[in-house]
Amino acid sequence: MFDGIALPNAASVAIGMRRIAVYEGVGFKFDAWHDVAWYGLRMAEPGLPLAGPVSLPELLSTAV
């Protein structure tokens, strides 16, 4: 899960989210400029083994 939040935001850190990137001074909120950060939280470990790459025609033929 990814989340873009205005800093500071202790609640996002409290639930285990990890800071990935920060955009400085790009968010305007409550009459002030704020840094905006992208946070991430892994919901589950990726499954193994991974399937190989799929061609675009194959992908399009299975689209719902």
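Before moving on, here are some points about what is shown:
- Residues that are modelled with pLDDT under 85, of a type in the set (Ser, Thr, Tyr) and part of a loop (DSSP other than H, G, I, E, B) occur in the range 44-62; there is at least one.
- Looking only at residues of the range 30-48 that are farther than 11 Å from residue 7 by Cα and of a type in the set (D, E, K, R), we find that the one that is surrounded by the most Cβ atoms within 10 Å (Cβ to Cβ) is 42.
- Of the residues making up the range 15-37, those that are assigned to a strand (DSSP E or B), touching a residue at least 24 places away in the same chain (Cβ under 8 Å) and in contact with a Phe, Trp or Tyr (Cβ under 6 Å, 6 or more places away or on another chain) number 1.
The values are calculated or read from the model by the stated rules, or taken from the named source; none is laboratory data. None of the values given here were measured: they were computed from a predicted structure. Heads up, the Cβs are rebuilt from the backbone with ideal geometry, glycines too, and the neighbour counts pull from every protein chain shown.
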